[in-house]
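These notes are about the structure you will find just below.
Nothing in this text is a laboratory measurement; each read-out follows from the coordinates by a stated rule. Keep in mind the model is a prediction, meaning the values are calculated, not measured. Here the Cβ positions follow ideal geometry from the backbone for every residue, glycine too, while neighbour counts run over all protein chains shown.
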Amino acid sequence: MPDPSAVFGREASSRPSRASLRTAVVWDVLKDALDRRVEATGKDSLDVLDTGGGSGNFAVPVARLGHRVTVVDPSPNALFALERRAAEAGVADLVTGVQGDIRGLFDVVGREEYDTVLCHGVLEYVDDPAEGVRNAAAALRPAGSLSLLAAGVGGAVLARALAGHFTEARHALDDPAGRWGAGDPVPRRFTAEQLTELADGAGLQVGSVHGVRVFADLVPGVLVDTEPGAAEALLKLEAAAAELSSFHAIATQLHVLGEKRA
């Protein structure tokens, strides 16, 4: 299989992009899960569902590994961009875009038809996150894996405080939805405990929890872009901190990987 760095559009020897700094942790966990599923099933190509997958930030790289990916997204513009990106990457035959959302997921896809389901950046915007996770889990075949990625409360609190917005930081800390005020564009944020409870309630065995973008959103861009070796060092720091529960509380995003109980 291709090197994951090359799959994301850069050579392993090149300096990590800002985008790769934000996605590397999730990609590494996801690729390992896909590899394990390939080994467990004995299949060369998996069926993957990406709910809310938009223009294919993860779907296209997954397809470049040889897997069949169905993207469900409510935006026609995002699906059009997905089609173009898949064609440019040479995987148009492996990527299918379908208009829909996770609430009405089974209006457009079948139950228990997928080896892996991605639910990234979706739970923040649905009315009932528990229903969303249950639907994502119901699309999985037995022993399939679910990749959950959602905004973390602690990261928002820290970001507002470091920007000098202390009242908003306190509001996010106390607010049940983790919002910093009426102008907050994110409707809901989560703690690691909340995400694992949602996964458990949907019949999933949680395998790992990672903090994502622990430092990447806080470090000045000019430092990463101009200081020799800074991007590579930051990438390694993110990877090391991601697995430590003590850093989950300040991560911008939280990633949970669960396996459907047989």
Legend entry - Label-to-label distance, nm, for residues given as S245 and R36 (7 Å Cα→Cβ offset): 1.8 nm
Inset, instruction - Report P(r) for the chain: all Cα-Cα distances, bin width 5 Å, range 0 to the bin holding the largest distance, values in whole percent. - result: 1, 6, 13, 16, 19, 18, 14, 8, 3, 1, 0
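Tell me, S246, S20 in order of fewest to most beta-carbon neighbours within 10 Å?
Values: S246 8, S20 19.
Final ranking by Cβ density, sparse to dense: S246, S20.
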Inset, instruction - Per residue of the stretch 91-106, in order, report the coupling 6.51 cos²θ - 1.76 cosθ + 1.60 (Karplus, θ = phi - 60°) as ³J(HN,Hα) in whole Hz, putting x for Gly and Pro. - result: 10, 4, 6, 9, 10, 10, x, 9, 7, x, 9, 6, 5, x, 4, 8
Legend entry - Nitroxide proxy distance, nm - points 7 Å out along Cα→Cβ at E193 and D28: 2.8 nm
Legend entry - Placed amide H near V206: partners under 5 Å, 5+ positions off or other chain: E259
Inset, instruction - Any lysines with Cα under 22 Å of the K43 Cα? List them, leaving off those in the same chain fewer than 8 positions away. - result: K31, K260
Legend entry - Packing-based exposure ordering (other Cβ within 10 Å, fewest first) of K236, K31: K236, K31
Legend entry - Rg(Cα) / (2.2 N^0.38 Å) computed for the stretch 67-158, rounded to two decimals: 1.16
Legend entry - Estimated inter-spin distance, V108 and A262, nm [label 7 Å along Cα→Cβ]: 3.3 nm
Inset, instruction - Please work out the Cα center distance from the stretch 86-118 to the stretch 153-194, rounded to the nearest Å. - result: 32 Å
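Among residues other than A172 whose Cβ falls under 9 Å from its Cβ, what is the net charge (Lys/Arg +1, Asp/Glu -1)? Write down the numbers at each step before the final one.
On the way: positive: R160, R170, R179, R189; negative: E168, D174, D175, D184.
Result for the local shell: 0.
Of the chain, which part is the longest with no GluC sites (Glu not before Pro) in a loop (DSSP not H, G, I, E, B) and with at most 12 other C-beta atoms within 10 angstrom? Mind showing how you got there, number by number?
Values: sites that count: E11, E112.
Result, exposed sites excluded: 113-262.
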Legend entry - Fewest-first sequence of V29, V206 by Cβ atoms within 10 Å of each Cβ: V206, V29
